[in-house]
Amino acid sequence: MSIQEYRGVWVLAEHREGELRRVTFELLGKGRELADALGVALAAILLGSGVGEMSRKLIAYGADKVFLADHPELEHYRTDTYARVVAKEVLDRKPEIFIVGATYLGRDLAPRVAQRLNTGLTADCTGLDIDREQRLLVQTRPAFGGNLIATIVTPEHRPQIATVRPRVMKPLAPDPAREGEVIAIPVRLEDKDLRVRVLARVKEARDSVNLEEAELIVAGGSGVGAPERFKVLEDLARELGAELGASRDVVDAGWISSTHQVGQTGKTVSPKLYLACGISGAVQHVAGIRGSEVIVAINSNPEAAIFQVAHYAVVGDLHQIVPALTEKLRQARSHG
């Protein structure tokens, strides 16, 4: 099969509890850009049960077509069922590019689809572009622990598959008047695809860190001084209703769990406010926070690299500044 026969850009429409996930809109925004550069259509592939009404929203956010696989056995994500349906449709319809969110679901599904199609996969991309001359997807991602940025292309196989980190791409503004085509996919599953059955879903009650969706983040680095001294940041985060983030060096040192890590080798974030306390501003960390609307940096070193990207720079001892800020917030709250 000639690679010239492959045309079009596809994205996986991921949803949960009846709602499309934000990463789907981010992929559509980037997918629209890639499709326009290639002069082809942008399609979303949507799997589930009773999810047809989501098609209209996918079109509003940039899709020209929606391939809809609506079947009771697709109500819950299972590797075998989803991989079979997606791989068959990609094989039959031949898109040249297929992008998937680097979520728990996407990281499980994408390599299975790539293996079935005998093509390559670039995981955890932070950038996608088009080489128009060779009609190649240029995929960039951090490598070697974030110390190197790799540029990857797939010149001899199709489709070109990539998973993309949430929060690194920007969604387009929805256009409810956009028109598109919804194409029903016939779903045929075999017994071997149904080896796993979902009997029940039970939500675990636990403290969670949701940095990727957070609107406010208070983050600390090695300048905090010690793991127990993170308490001043925890107090401020609690007062603000913010998530607690951290730079890679304090995670590596064991001061805080990796679920709090922000940066190229952690979570890419785009909150309304990112408050960086005692963070030097290594390039890997800065790459993970560039999408923030406002960055406020507190550091005792006036030459700290973080100040180069901060909208507001505060030079001083964070252990004096942060508690004072927390107290001001408490006072303001007590006065309504």
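Quick notes on this structure:
- Selection status of R32, among the basic types (K, R) and surrounded by 18 or more Cβ atoms within 10 Å (Cβ to Cβ): yes
- Of all the criteria given as (1) under 26 Å from H157 (Cβ atoms); (2) modelled with pLDDT of 95 or more; (3) touching an Asp or Glu at 6+ places or on another chain (Cβ under 8 Å); (4) not in a loop (DSSP other than H, G, I, E, B), the one not satisfied by I59 is (1).
A quick yes/no check of all residues on (1) buried (at least 21 other Cβ atoms within 10 Å of the Cβ); (2) at pLDDT 95 or above; (3) not assigned by TED's automatic domain parsing to the domain that holds P142:
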residue	(1), (2), (3)
D249	no, no, yes
D252	no, no, yes
S258	no, no, yes
G266	yes, no, yes
K272	no, no, yes
I289	yes, no, yes
I298	yes, yes, yes
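- Taken over segment 131-165, the criterion of being crowded, with 20+ Cβ neighbours inside 10 Å, assigned to a strand (DSSP E or B) and either aliphatic (A, V, I, L, M) or at pLDDT 90 or above (or both) is satisfied by L137, Q139, Q160, I161, A162, T163, V164.
- Restricting attention to segment 39-56 and to residues that are part of a loop (DSSP other than H, G, I, E, B) and without any contact (Cβ under 8 Å) to a residue 60 or more places away in the chain, the residue that is nearest to P186 (Cα to Cα) turns out to be S49.
Residue by residue, here is whether (1) in contact with a strand residue (DSSP E or B) (Cβ under 8 Å, 6 or more places away or on another chain); (2) among the aliphatic types (A, V, I, L, M); (3) closer than 30 Å to A87 by Cα holds:
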{"site": "K170", "(1), (2), (3)": "no, no, yes"}
{"site": "G241", "(1), (2), (3)": "yes, no, no"}
{"site": "V251", "(1), (2), (3)": "yes, yes, no"}
{"site": "L275", "(1), (2), (3)": "yes, yes, no"}
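- Qualifying residue in segment 199-210 (condition: assigned to a helix (DSSP H, G or I) and either loosely packed, with under 12 Cβ neighbours inside 10 Å or modelled with pLDDT under 95 (or both)): no
- Residue that is nearest to R21 (Cα to Cα), among those in segment 89-130 that are assigned to a loop (DSSP other than H, G, I, E, B) and touching a strand residue (DSSP E or B) at 6+ places or on another chain (Cβ under 8 Å): A102
The values are calculated or read from the model by the stated rules, or taken from the named source; none is laboratory data. Everything numeric here is computed off the predicted structure, so don't read it as measured data. Because the Cβ atoms are built from the backbone with ideal geometry, glycine has one as well, and the counts that use them run over all protein chains shown.
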